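Participant: Please see the structure below; I have some questions.
The values are calculated or read from the model by the stated rules, or taken from the named source; none is laboratory data. This structure is a prediction, so every number in the text was calculated from the model and none was measured. A quick note on method: Cβ atoms are made from the backbone with ideal geometry, for glycine too, and the neighbour counts reach across all protein chains shown.
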Amino acid sequence: MLIKTYNNQLSAKNMETVVRTFRDGGIIIYPTDSVYAFGCDANNRKAVERICMLRHKDLKHPMLSIVCNSIAQIREYTLFSDDTYKILKQYLPGPYTFILEGNSHLPKLFRNNRKTIGVRVPNHPVPMQIIDMYGTPFMTASLRADPNDDIEYMTDPELMEEKYGDLVDIIIDGGIGNTVPSTIIDCTGNEPELIRQGMGEL
């Protein structure tokens, strides 16, 4: 199903459809402030595994990330210092993925595979609408043109429908997407470490 946005906003009816899809264990493709991405309920193992297979991720040791709506919500699922808080406050919302130490409130699937988690607060209304209505963070993974290629990303929702229309439940059309992914910063060590320079400038 292809859902079009208007002024980067989902209608109430479409929002209900997305939320119901998450609750039923479905997966979506949605726009962000960097590249398009897959999304699903972070607590639904089968949905997370579907995305991992589409992304050719190692199911035993996937590098997983979640979308949150605020630093306060990030704090519910992770542990970080006051210095890291200052960094988060300076750069979020925005095209950044911060790697943080997870706590016991992370979804069980995430805790089983590693002790750290990537977190995003995109500066884009669609994922913020979804998370505000769904109520909890959801799992996210960028949509690459080739799952084995870290460089190119899909940008055209119509082409996404051709390729993934039978593999995902919803594709949210937010117009032509960006080609540069989020900047990744690892904040689990003594000093922040730049892992990938993407759209976000530090």
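Participant: Please pick out the residue among R55, R75 that is among the charged types (D, E, K, R), modelled with pLDDT of 95 or more and surrounded by 14 or more Cβ atoms within 10 Å (Cβ to Cβ).
Facilitator: Unique residue meeting the criteria: R75.
Participant: Would you confirm whether or not segment 72-88 contains a residue that is in contact (Cβ under 8 Å) with a residue 24 or more places away in the chain, farther than 20 Å from D132 by Cα, assigned to a helix (DSSP H, G or I) and among the hydroxyl-bearing types (S, T, Y)?
Facilitator: Within segment 72-88, one or more residues are in contact (Cβ under 8 Å) with a residue 24 or more places away in the chain, farther than 20 Å from D132 by Cα, assigned to a helix (DSSP H, G or I) and among the hydroxyl-bearing types (S, T, Y).
Participant: Report yes if F110 is of a type in the set (F, W, Y), in contact (Cβ under 8 Å) with a residue 24 or more places away in the chain and in a strand (DSSP E or B), otherwise no.
Facilitator: So F110 does not fit the description; no.
Participant: Let me ask another. Output the number of residues of segment 173-190 satisfying the condition of being out of contact with any Gly (no Cβ under 9 Å at 6 or more places or on another chain) and either on the phi < 0 side of the Ramachandran plot or not in a loop (DSSP other than H, G, I, E, B) (or both).
Facilitator: 11
Participant: Right, here's the next one. Can you tell me which residue is surrounded by the most Cβ atoms within 10 Å (Cβ to Cβ) among those in segment 87-118 that are out of contact with any strand residue (DSSP E or B) (no Cβ under 7 Å at 6 or more places or on another chain) and at pLDDT 95 or above?
Facilitator: So the residue we want is L92.
Participant: Can you name every residue in segment 39-59 that is farther than 16 Å from I130 by Cα and in contact with a helix residue (DSSP H, G or I) (Cβ under 7 Å, 6 or more places away or on another chain)?
Facilitator: R45, V48, L59
Participant: Turning to a different aspect of this structure: Using the structure shown, decide if P122 is in contact with a His (Cβ under 9 Å, 6 or more places away or on another chain) and either at pLDDT below 95 or not in a helix (DSSP H, G or I) (or both). Lay out the reasoning, then the answer.
Facilitator: On the way: in contact with a His (Cβ under 9 Å, 6 or more places away or on another chain): no; either at pLDDT below 95 or not in a helix (DSSP H, G or I) (or both): yes.
No; evaluated as a whole, the condition is false for this residue.
Participant: Under 6 Å between Cβ atoms, which residue pairs at least 6 apart in sequence (or on different chains) link something in segment 20-32 that is more than 16 Å from Q9 (Cβ to Cβ) with a partner that is among the hydroxyl-bearing types (S, T, Y) and assigned to a helix (DSSP H, G or I)?
Facilitator: Final answer for the pair search is F22/Y134.
Participant: Given the structure, is A72 under 21 Å from D173 (Cα atoms) and small (G, A, S)?
Facilitator: no
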